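Participant: Quick one: this structure, given as structure tokens, is what I'll be asking you about.
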Amino acid sequence: MSTETTPIPDFDAIIIGAGMSGLYQLYRLREQGFRVRVFEAGTEVGGTWYWNRYPGARFDSESYSYGYSFSKDLLQEWEWSEHFAGQPETLRYLNYVADKFDLRRDIQFRSRVTAAIYDESSRSWSVTLEDGSRFNTRFLITAIGPLSTPTLPRIEGRDDFKGASFHTARWPKEPVDFTGKRVAVIGTGATGVQTIQTIAGQVGHLTVFQRTPNWCAPLHNGKIDAETQAKIKAGYPEMFARCQETFACFLHTPDPRGAFELSDEEREAFYEKLYGERGFGIWQGNFRDILIDRKANATISDFVARKIRQRVKNQAVAEKLIPRNHGFGTRRLPLETFYYEVYNQDNVELVDITETPIERITPNGIRTSDREYSFDIIIYATGFDAITGSFDKIDFRGAGGVRLKDKWKSGPETYLGIMVHEFPNMLMLMGPHTALGNIPRSIEYSVDWVTGLIGFAVKNKLTRLEATPEGVKSWTDHVKALGEGLLSNEVNSWMTGINSNVEGKQTRIVARYSGSAPAYRARCDGVAAKGYEELRLG
């Protein structure tokens, strides 16, 4: 992979992260005969499913649509026990994959990357670990995930609390005993919902501190019986083909009808049907206009609000659980199992911190403007510095020493969500402006595309691949144009780059690609088919 003028680096490729992206990228590059090293901060493989061990953590994509599709043997050998697998099972699956394909021998654990600096003279990257060790690589591949950097709330006194405290994304490996304990949960996003519904039956008393309620819909999980298992295994080719066709790679895709093309009775029946079905159908398989038309969105928002009022006995509490500042589906939709019924329990209390803000964490608990609460355990379900947060944690410096954090100060600018101008030979898996959706389906495509590009470079003795400023501007403008008219881009959420707990992230940006996955793949395939002529190659 070298020429007479460029020295041979330590590795052909270094991959940062041993989650689902990193594992598959390692498999594909090693399959091509490349020298690859993966650096992983944790002690095991798994990425998201290694770090997020909180009670109730599980898929909200159907398990069988979430696993890897690249190996027929793997598909037949592995049996998912539930339609939506929990974290322990998913972590076992990823360890099984690592063992089956002997991936660990090229993974270095307990190795957090702190800096990556491009050297123009050698056309390679110097990667520095937390312990100070350095390694050189021709290609640098980031597999660090869009939701992997947890954030804690900016509340005074966090370090003063004498009890136990945990962030959901940094949960201890050892089980936490909630029996008889006074527990606080701060946050009611997807992780908060899963945690709350799981521990409410174990704790002595649970107090939920809610700033923004989220629309939630039933998961309807269940065990997979032997007959269903056989059907799943026999139907994998058709199922994965279906995922390739749908808008976001889920088993669900938008209904072609508009909300007002049906009578009120027909529309209500359709909503009832979706509310009673498994998974994301009520979000991803709903009418085509509910995420772009306010009146259409109001019909599904009103429907789900009625469901909340039916399920929560105390109507004052029910009203607090109904979002007022965004419509259904315009933020990431948590799926739940009897979440709303938790608030019917005598040992569960809901505190609206927009009415009585948290003033500080005290040695004994939490003080709001109204009173002080005593706790044994505080759980921070306060989410992530999404999309760009994991990049901000590493000192990426491209050609001429330009810092990625500075380059993205006003929001990410990318080429296909994979490359950045002035950062040659750096390739991002699931980076900003990439098609997300059912993540593993997007991961496999992204990894295959990156593998094809690296293979093309080696075949043609190329040692420098860079996105052009024109290519970056064109793609970034395209991503922004796709976001126009979406109700979700008028809402503060991680999907619009907002995080009140992170300095400088209080202004909305277009942080994600919101077009269809098939359209995204077609665009990327077109680039490859033309010999990557849109890139600056050398």
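The values are calculated or read from the model by the stated rules, or taken from the named source; none is laboratory data. Fair warning: this is a prediction, and the values are worked out from it, not measured in the lab. FYI the Cβ positions are ideal-geometry reconstructions off the backbone, even for glycines, and counts take in every protein chain you see. The protein model used for the area step is the full one, side chains on, heavy atoms only, and it has no ligands, DNA or RNA in it. Shrake-Rupley method; radii C 1.70, N 1.55, O 1.52, S 1.80 Å.
Participant: Please report, ordered by residue number, every helix of the chain (full DSSP H runs) that is 24 Å or longer along its axis going by C-alpha atoms and whose mean Kyte-Doolittle hydropathy reaches -0.5.
Facilitator: On the way: long enough: 294-311 (25 Å, -0.91); 439-459 (30 Å, 0.58).
Once both thresholds are applied, what remains is 439-459.
Participant: Over the heavy atoms of R331, what accessible area does a 1.4 Å probe trace out, to the nearest 10 Å²?
Facilitator: Accessible area of R331: about 50 Å².
Participant: Additional query: Rounded to a whole number, what % of the accessible area of the chain do carbon and sulfur atoms account for, probe 1.4 Å? The partial results should precede the final answer.
Facilitator: Working: 10740 of 22230 Å².
Roughly 48 percent, rounded to a whole number.
Participant: Explain nothing, just compute: Karplus ³J(HN,Hα) = 6.51 cos²θ - 1.76 cosθ + 1.60, θ = phi - 60°, for every residue of region 140-152 in order, whole Hz, x for Gly and Pro.
Facilitator: Per-residue couplings from phi come out as 10, 10, 9, 10, 9, x, x, 10, 9, 10, x, 10, 9 Hz.
Participant: Check which residues have an amide H placed less than 5 Å from I353's amide H, if you skip close sequence neighbours.
Facilitator: Amide H neighbours of I353: Q210, R211.
Participant: What would the Debye equation give as log₁₀ I(q)/I(0) for region 55-96 at q = 0.20, 0.22, 0.26, 0.28 Å⁻¹, counting only Cα atoms as equal point scatterers?
Facilitator: These q points yield log10 I(q)/I(0) values of -0.57, -0.69, -0.94, -1.07.
Participant: Kindly provide log₁₀ I(q)/I(0) values, in the same order as q = 0.11 Å⁻¹, from the Debye equation applied to equal alpha-carbon scatterers of region 148-270.
Facilitator: For the requested q values the scattering log ratios are -0.71.
Participant: Next up: Quote the charge dipole size of region 100-200 about the Cα centre in Debye, to the nearest 20; the model charges only the Cβ of Lys and Arg (+1) and of Asp and Glu (-1).
Facilitator: Roughly 240 debye for region 100-200.
Participant: Now a separate question. If I model a spin label as a point 7 Å beyond the Cα along the Cα-Cβ vector, how far apart are those points for D477 and N136 in nm?
Facilitator: Here the answer is 3.9 nm between the modelled labels.
Participant: Could I ask something else about it? Be a star and scan region 198-231 for residues whose amide nitrogen sits under 12 Å from the point 7 Å along the Cα-to-Cβ vector of N344.
Facilitator: No residue passes the distance filter.
Participant: Further, regarding this structure: Taking the Cα centre as origin and putting +1 on Lys and Arg beta-carbons and -1 on Asp and Glu beta-carbons, what dipole magnitude results for the chain, to the nearest 20 debye? Don't jump to the answer; show the numbers that get you there.
Facilitator: Values: 66 positive and 68 negative charges, 142 e Å.
Dipole about the Cα centre, nearest 20: 680 debye.
Participant: So how compact is the chain: Cα radius of gyration and Dmax in angstrom?
Facilitator: 23.6, 76
Participant: Mind pulling up the Rg/Rh value for region 78-129? Radius of gyration and Kirkwood radius, both on Cα. Could the numbers behind the result be given before it?
Facilitator: Numbers: Rg = 17.4 Å, Rh = 14.3 Å.
Rg divided by Rh gives 1.22.
Participant: Could you tell me the largest-minus-smallest coordinate of the C-alpha atoms of region 273-368 on each of the three principal axes, in descending order and whole angstroms?
Facilitator: 50, 26, 22
Participant: Hey, if you put +1 on the Cβ of every Lys and Arg and -1 on every Asp and Glu Cβ in region 225-371, which of A259, V348, L274 ends up farthest toward the positive end of that dipole?
Facilitator: V348
Participant: Also, I was wondering about something else. Can you compute the helix-only [θ] at 222 nm over the chain? Use -39500 (n - 2.57) per DSSP H run of at least 4 residues, normalise by all residues, nearest 500 deg cm²/dmol.
Facilitator: -9000 deg cm²/dmol
Participant: What whole-number value in Å² describes the accessible area per residue of the chain for a 1.4 Å probe?
Facilitator: On a per-residue basis, the chain sits at 41 Å².
Participant: Treating the beta-carbon of each Lys and Arg as +1 and of each Asp and Glu as -1, no other charges, what is the dipole magnitude of region 183-293 about its Cα centre, to the nearest 20 debye? Could you put the intermediate results ahead of the total?
Facilitator: Values: 10 positive and 14 negative charges, 125 e Å.
Magnitude of the dipole: close to 600 debye.
Participant: Can you tell me the length gained on complete extension of the stretch Q244 to D159, counting 0.36 nm per residue apart and subtracting the Cα distance?
Facilitator: On the way: separation 85, 0.36 × 85 = 30.60 nm, distance 4.74 nm.
Length difference between fully extended and current span is 25.9 nm.
Participant: Moving to a separate point now. In whole Å, what are the Cα extents of region 180-251 along the three principal axes, biggest one first?
Facilitator: So the three principal-axis extents are 48, 30, 13 Å.
Participant: Quick one: ranking R360, R441, R154, R324 by accessible area, 1.4 Å probe, largest first, what do you get? Can you show the working numbers first?
Facilitator: Working: R360 60, R441 10, R154 135, R324 160 Å².
In descending accessible area the options line up as R324, R154, R360, R441.
Participant: For the chain, what does the relative contact order come out to in percent, with C-alpha contacts under 8 Å and a separation of six or more? Don't skip to the answer; put the middle values down first.
Facilitator: Numbers: 1052 pairs, mean separation 105.5, N = 538.
Once normalised by length, the contact order is 20 percent.
Participant: For region 330-462, would you read off the P(r) tail past 18 Å as a percentage of all alpha carbon pairs? Display every interim value, and only then the final one.
Facilitator: Working: 6278 of 8778 pairs.
The share of Cα pairs beyond 18 Å in region 330-462 comes to 72 percent.
Participant: What's the ranking of 364-373, 194-203 by average number of surrounding C-beta atoms within 10 Å, highest first? Before the final figure, lay out each step's value.
Facilitator: Details: 364-373: 15.5, 194-203: 21.1.
In descending order of packing, they fall as 194-203, 364-373.
Participant: Further, regarding this structure: Can you tell which of F161, N52, A85 lies farthest toward the positive end of the dipole of the chain, using +1 and -1 charges on the Cβ of basic and acidic side chains (Lys, Arg; Asp, Glu)?
Facilitator: Farthest towards the positive pole: F161.
Participant: Take the alpha-carbon centre of region 307-361, take the same for region 238-252, and report the distance between them in whole Å.
Facilitator: Taking the Cα centre of each part, region 307-361 and region 238-252 sit 32 Å apart.
Participant: Right, something else. Please list the non-local residues whose amide H lies under 5 Å from the amide H of E336, H modeled 1.01 Å from N, same-chain partners needing a gap of 5 or more.
Facilitator: Correct list: A217, L219.
Participant: Here's a follow-up. Tell me, what ³J(HN,Hα) does each residue in region 108-117 have, in order and in whole Hz, if you take phi through Karplus 6.51 cos²θ - 1.76 cosθ + 1.60 with θ = phi - 60° and put x for Gly and Pro?
Facilitator: Once rounded to whole Hz, the list reads 10, 7, 6, 10, 7, 7, 10, 8, 9, 10.
Participant: More than 19 angstrom separation, counting every C-alpha pair in region 1-128; what % is that? The partial results should precede the final answer.
Facilitator: On the way: 4445 of 8128 pairs.
Summing the P(r) of region 1-128 above 19 Å gives 55 percent of all pairs.
Participant: Just read off the accessible area of I439 with the full protein assembly in place, 1.4 Å probe, to the nearest 10 Å².
Facilitator: Approximately 50 Å² of I439 is accessible to the 1.4 Å probe.
Participant: Expressed as a whole number of Å, what is the distance separating the alpha-carbon centroids of region 193-209 and region 54-99?
Facilitator: Spelled out, the Cα-based centre of one part sits 26 Å from the other.
Participant: Still on this model: Roughly how many Å² of R28 are accessible to a 1.4 Å probe, to the nearest 10?
Facilitator: R28 has an accessible surface of roughly 40 Å² with all protein chains in place.
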